[in-house]
Amino acid sequence: MDIRVGIGYDIHRLVEGRKLIVGGVEIPYLKGLLGHSDADCLLHAITDALLGAMAADDIGTLFPDTDPAYQGASSADLLIAVKQMLEEKGYVVNNLDTVLVAQVPSFAPFKKLMGERIAQILGVGAENVAVKAKTNEGLGGLGSGEAIAAYAVVTIRKRD
């Protein structure tokens, strides 16, 4: 069986005046993530993990922040485009494991909803998607509430 693994990482600064969208879910918070698109760091990490599993270019190369077409773009739409690339190559998502790192806000009440939304986007069962959240124990920019980071590891397999 042809199984591949990809890893993704992303980080964005928290700023006032933007909606906080993480894992395709709007989270009520006084700050949002700064970026050219909606800056959903979790979906960006997942997108890069899928691209890595396909040995393709990264998210910044495919959807550059210098291209006005992606100004304010939905990260879910970018992930959908990469999922279509995956399917065109004859692969499907096997499973996905993710970690959010943020001191604030607490993602505990939203992890299940994020997992369901990500599963919907990827066309897999929610049991194939893990969303975990950790603090940074008050250390560095993540620990002081300046940013949110995300990691993703994905396995893909050839479609049956």
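The values are calculated or read from the model by the stated rules, or taken from the named source; none is laboratory data. Computed from a prediction, not measured in an experiment: that's the story for all the values here. In this analysis, Cβ positions are derived from the backbone assuming ideal geometry, glycine residues included, and neighbour counts consider all displayed protein chains. Accessible surface is based on the protein model in full, side chains and every heavy atom, while ligands, DNA and RNA are left aside. Shrake-Rupley method; radii C 1.70, N 1.55, O 1.52, S 1.80 Å.
Of the residues screened, residue 23 is one that is closer than 21 Å to residue 129 by Cβ and either within 10 Å of the chain's Cα centre (by Cα) or surrounded by 14 or more Cβ atoms within 10 Å (Cβ to Cβ) (or both).
Specify the residue that is modelled with the highest pLDDT; the eligible residues are those in the stretch 146-160 that are over 21 Å from residue 115 (Cβ atoms) and assigned to a strand (DSSP E or B). Working first, answer last.
Our first condition is that a residue be over 21 Å from residue 115 (Cβ atoms); within the stretch 146-160, this holds for 146-147, 158-160.
Of the ones still in play, those that are also assigned to a strand (DSSP E or B) are 147, 158.
Values: 147: 98, 158: 94.
Once the filter is applied, the top-ranked residue is 147.
Within the stretch 102-112, the residues that satisfy the criterion of being under 17 Å from the mean Cα position of the chain (by Cα) and over 15 Å from residue 32 (Cα atoms) are 108, 110, 111, 112. Within the stretch 104-145, the set of residues being closer than 22 Å to residue 30 by Cβ, of a type in the set (A, V, I, L, M, F, W, C) and part of a helix (DSSP H, G or I) comprises 108, 110, 113, 114, 142.
Just to be sure before I move on: is residue 126 surrounded by 21 or more Cβ atoms within 10 Å (Cβ to Cβ) and either among the aliphatic types (A, V, I, L, M) or touching a Lys or Arg at 6+ places or on another chain (Cβ under 9 Å) (or both) in the structure I sent? No, not satisfied.
Conditions tested, residue by residue: (1) within 24 Å of residue 116 (Cα to Cα); (2) out of contact with any strand residue (DSSP E or B) (no Cβ under 8 Å at 6 or more places or on another chain).
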{"site": "53", "(1), (2)": "yes, no"}
{"site": "57", "(1), (2)": "no, yes"}
{"site": "62", "(1), (2)": "no, yes"}
{"site": "65", "(1), (2)": "no, yes"}
{"site": "69", "(1), (2)": "no, yes"}
{"site": "73", "(1), (2)": "yes, yes"}
{"site": "79", "(1), (2)": "yes, yes"}
{"site": "82", "(1), (2)": "yes, yes"}
{"site": "91", "(1), (2)": "yes, no"}
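Between 76, 55, 69, 45, the distinction of being small (Gly, Ala, Ser), more than 19 Å from residue 150 (Cβ to Cβ) and in a helix (DSSP H, G or I) belongs to 69 only. Taking each residue of the stretch 63-79 that is surrounded by fewer than 14 Cβ atoms within 10 Å (Cβ to Cβ) and looking for partners that are assigned to a helix (DSSP H, G or I) with beta-carbon atoms closer than 8 Å, six or more apart or interchain, yields 64/70.
Against the definition (open to solvent by 40 Å² or more (accessible area, probe 1.4 Å) and within 17 Å of residue 20 (Cβ to Cβ)), how does residue 103 come out, yes or no? It is true that residue 103 is open to solvent by 40 Å² or more (accessible area, probe 1.4 Å) and within 17 Å of residue 20 (Cβ to Cβ). If the condition is being of a type in the set (Ser, Thr, Tyr), within 17 Å of residue 5 (Cβ to Cβ) and open to solvent by 30 Å² or more (accessible area, probe 1.4 Å), then the stretch 134-160 contributes only 151.
For the stretch 26-58, residues that are of a type in the set (D, E, K, R) and open to solvent by 80 Å² or more (accessible area, probe 1.4 Å) total 2.
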